[in-house]
1. Find the centroid of the Cα atoms in the range 54-69 and in the range 79-94, then give the distance between the two in whole Å.
2. At 20 °C and 1.002 mPa s, what whole-number value in µm²/s does Stokes-Einstein give for the translational diffusion of the range 103-152, with Rh from the Kirkwood sum over Cα pairs?
3. Please work out the Kirkwood hydrodynamic radius for the range 34-151, using every pair of different C-alpha atoms, and report it in angstroms with one decimal place.
Ligand SMILES: [Cu+2]
């Protein structure tokens, strides 16, 4: 009787686990309303590991659950502008430090907030997107994202 009972109990537990997982998944998949959910960003172009024609390369991102505003705007939570780190890692600027404005640190502090045409020499590039607040201090939310591609 023991073996029989255990099997039944196991099935019930598995069933409950599946229900739990299903309900969790349902909660996060509806994050298209823009208001709730974790802030995220991702590269749309170029495609990861793509080879693109230079020198003019358009980099495009998508940001969700985050307000993109002009640099210098009043400071608000969950607002800011993107930065493109060219061949330097996100860790080169600690969270909270001001991101400099150089050839390697591009500020998307004016519209369009999610795309830029860059002039890139032939070679391999890793570009990392880092969010910053209105005074250019690096944030760790949304989590920085990187993309690697080749310019020919
Ligand atoms: Cu900035």
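Derivation of every value follows stated rules applied to the coordinates shown; laboratory data play no part. Not measured: the values here are computed from a predicted model.
1. Each part's Cα centre sits 13 Å from the other's.
2. It comes out at roughly 174 µm²/s.
3. On the way: mean 1/r = 0.0703 Å⁻¹.
Computed over Cα pairs of the range 34-151, the Kirkwood hydrodynamic radius comes out at 14.2 Å.
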